[in-house]
Ligand SMILES: Nc1ncnc2c1ncn2[C@@H]1O[C@H](COP(=O)(O)OP(=O)(O)O)[C@@H](O)[C@H]1O
Ligand SMILES: [Mg+2]
């Protein structure tokens, strides 16, 4: 066994990417495991491609890295247990622990843990049998939640009435759902908690605003919910970094909604607040280093969600991967997923007879106006013959222009872009942080201008 890397990540999304950036700054070497190709993490550090449900694949990561952590809580605890056995390693190399992970990845076990520990949290009942027990105990309105795998509201539904409950039967009949008391909260809060065997602490309490169940804005709450958040982490016997989501009730009480055993969207402000970032703290905890004391300036986060169904061209250039978006319908792909011109143009020319743009000169390439080209009418449109270089240029221009305009008009905006290869409405593509007075309004204005210019450049 040769543990070549200091730190391995189960999952290669944006949370792994930003944690790896923090680790690299500290001189650590990192690797990630993810089923996807060209993941946000793989663009900046070595990566293995493999299923996170496959103990053999997970064992490869344990064989490669001295310490291992995760960036999502969906890897089955059982898979990790088997992987440790295959790799001949013990659990001490993993943060968070397996028991904590197993509790958190089942939202019902989470609720049970909070109640056992006396940490206030809404009542929940598993949806089993004819559901009468859940309906009697919870009543209406109720919230239906998938016990496993939910994120960004994908496993959350409201049932205000028995009739509405019936409309969700197709989903809940599939099994592993629970019914939960609806909380008429006055606002939602989030606290990042860090806990090692010797240190426990919190980052400042933030207020969060969800739109369609997806986190949209995060800003200082002006209140301290750290005691409730720490109680939640203790309830799941958690060690490591945790994002704790809470409800503040109209009577000023805190109820625990849920916990994530990793960096969390609501902690992204720490990248620009002037103190230690949640990612560095996560790396310190996973490596067994002492924690840093988190203090910094008031900072607001706004998320940038996908604006359209966009696919990215993944460009490999000089060993670097860049991702750039084009409208999916602009791409004519064959079954192998690779774009092919309908007929091969003469060497050096595209199908329009124009010289193919040098890839080093993408920013100056002429991009035909899609409208003039007959709109974005799918495969039959003229886009079939566009050279790869031209398509890449179109996409490069789109995001470069949006960035240029953002930085020109909002110099205080810090843009963080995750490098995802596909954009979908509602998918987190990046975020903007703004610090200082009036940071919330400034961040929202900056985000609006970024989205507008991104949208415009795709028209
Ligand atoms: N019991 C509840 N009462 C009222 N709203 C809820 C409740 N549970 C969840 N929500 C709303 O749905 C959002 C998503 O639910 P959550 O349990 O956090 O799932 P996810 O894992 O998708 O983030 C929450 O941020 C909150 O706005
Ligand atoms: Mg949540």
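Quick one: would you say residue 207 is on the phi < 0 side of the Ramachandran plot, in a strand (DSSP E or B), away from ligand 2 (no atom under 13 Å from the Cβ) and at pLDDT 95 or above? Criteria met by residue 207. Against the conditions (1) out of contact with any strand residue (DSSP E or B) (no Cβ under 6 Å at 6 or more places or on another chain); (2) more than 25 Å from residue 42 (Cα to Cα), where does residue 111 fall short? Just the number, please. With (1) out of contact with any strand residue (DSSP E or B) (no Cβ under 6 Å at 6 or more places or on another chain); (2) more than 25 Å from residue 42 (Cα to Cα) applied to residue 111, the lone miss is (1). For the condition more than 23 Å from residue 282 (Cα to Cα), more than 15 Å from ligand 1 (Cβ to nearest atom) and either under 22 Å from the mean Cα position of the chain (by Cα) or buried (at least 17 other Cβ atoms within 10 Å of the Cβ) (or both), residue 172 qualifies. Condition test on residue 138, is it surrounded by fewer than 20 Cβ atoms within 10 Å (Cβ to Cβ) and more than 20 Å from residue 235 (Cα to Cα)? So residue 138 fails the test.
Based on what the data block shows, is residue 162 away from ligand 1 (no atom under 16 Å from the Cβ) and more than 30 Å from residue 287 (Cβ to Cβ)? Yes: the conditions hold for residue 162. Checking each residue in segment 101-118 for being more than 27 Å from the chain's Cα centre (by Cα) and at negative phi picks out 115, 116, 117. For segment 438-455, residues that are out of contact with any strand residue (DSSP E or B) (no Cβ under 6 Å at 6 or more places or on another chain) and either surrounded by 23 or more Cβ atoms within 10 Å (Cβ to Cβ) or under 12 Å from residue 307 (Cα atoms) (or both) total 7.
Just one residue in the set 253, 257 is farther than 16 Å from residue 70 by Cα and away from ligand 2 (no atom under 15 Å from the Cβ); that residue is 253. How about segment 240-250: which of its residues are within 15 Å of ligand 2 (Cβ to nearest atom) and more than 18 Å from residue 115 (Cα to Cα)? Of everything in segment 240-250, those that are within 15 Å of ligand 2 (Cβ to nearest atom) and more than 18 Å from residue 115 (Cα to Cα) turn out to be 242, 243.
Selection of strands (runs of 3 or more DSSP E) fully inside segment 216-319 by the criterion of at least 1 residues being within 16 Å of ligand 1 (Cβ to nearest atom) and closer than 26 Å to residue 41 by Cβ returns 240-248, 254-260, 299-305. Considering the conditions (1) at pLDDT 95 or above; (2) in a loop (DSSP other than H, G, I, E, B), residue 137 is excluded by exactly one of them, (2). Are any residues in segment 202-215 away from ligand 1 (no atom under 12 Å from the Cβ) and touching a helix residue (DSSP H, G or I) at 6+ places or on another chain (Cβ under 8 Å), and if so, which ones? 202, 203, 205, 206, listed by residue number.
Of the residues contained in segment 192-200, none is found to be in a loop (DSSP other than H, G, I, E, B) and within 16 Å of ligand 2 (Cβ to nearest atom).
The values are calculated or read from the model by the stated rules, or taken from the named source; none is laboratory data. Predicted model, so just to flag it, every value in this text is computed and none were measured. For neighbour counting, all protein chains shown are included, and Cβ atoms are generated from backbone atoms with ideal geometry for every residue, glycine included.
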